[in-house]
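The values are calculated or read from the model by the stated rules, or taken from the named source; none is laboratory data. Owing to the predicted nature of the structure, the values given are computational and were not obtained by experimental measurement. All Cβ positions, glycine included, derive from the backbone under ideal geometry; neighbour counts span all protein chains shown.
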Amino acid sequence: MLAGAVVVSLPMRVRFRGITEREVVLVEGPAGWGEFGAFPEYADIEAAEWLRSALESAWHDDPPALRDTVPVNATVPAVDPEQVRCAGEVSGCAHREGEGGRTRTGPRAGPGAGTGGA
């Protein structure tokens, strides 16, 4: 397993969760690649789930698709709401008002967090 592992460190444009570089381990297995990227503050039990998922991706084929699209969420740093909207548009993700998408305004959002749907 370790022979097929690659550590990657990606610089981040905005500090997030106190980090400025995102470190992940890519694991190559018989079915392709898996990614392990638990955040440093995660407890071992939580990080183990991320590792399990990476190994599952690398060692087992994906199950057959049951649908053409899948709704997802995203975790974003505390930035201006317009920056969040632009990031989604650049990535190809679609934002739909009224479907649960919003900018977090609670205490973990940090300074500069917006208050509307994003």
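Quick rundown of the values:
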| item | result |
| --- | --- |
| Those residues of the stretch 1-19 which are modelled with pLDDT of 90 or more and among the β-branched types (V, I, T), in sequence order | V6, V7, V8 |
| Filtered residues of the stretch 24-51 (kept if surrounded by 14 or more Cβ atoms within 10 Å (Cβ to Cβ) and outside any helix (DSSP H, G or I)) | V24, V25, L26, V27, E28, G29, G34, E35, F36, G37, A38, F39 |
| Search result, residues across the stretch 52-87 that are in a helix (DSSP H, G or I) and more than 30 Å from A3 (Cβ to Cβ) | P81, E82, Q83, V84, R85, C86, A87 |
| Residue, surrounded by the most Cβ atoms within 10 Å (Cβ to Cβ), within the stretch 58-86, restricted to residues that are modelled with pLDDT under 85 and within 27 Å of G32 (Cβ to Cβ) | A74 |
| Residue pairs meeting the criteria (Cβ under 9 Å; at least 6 apart or on separate chains; first more than 14 Å from F39 (Cβ to Cβ), in the stretch 4-26; second of a type in the set (A, V, I, L, M, F, W, C) and exposed (fewer than 13 other Cβ atoms within 10 Å of the Cβ)) | L26/V6; L26/V7; L26/V8 |
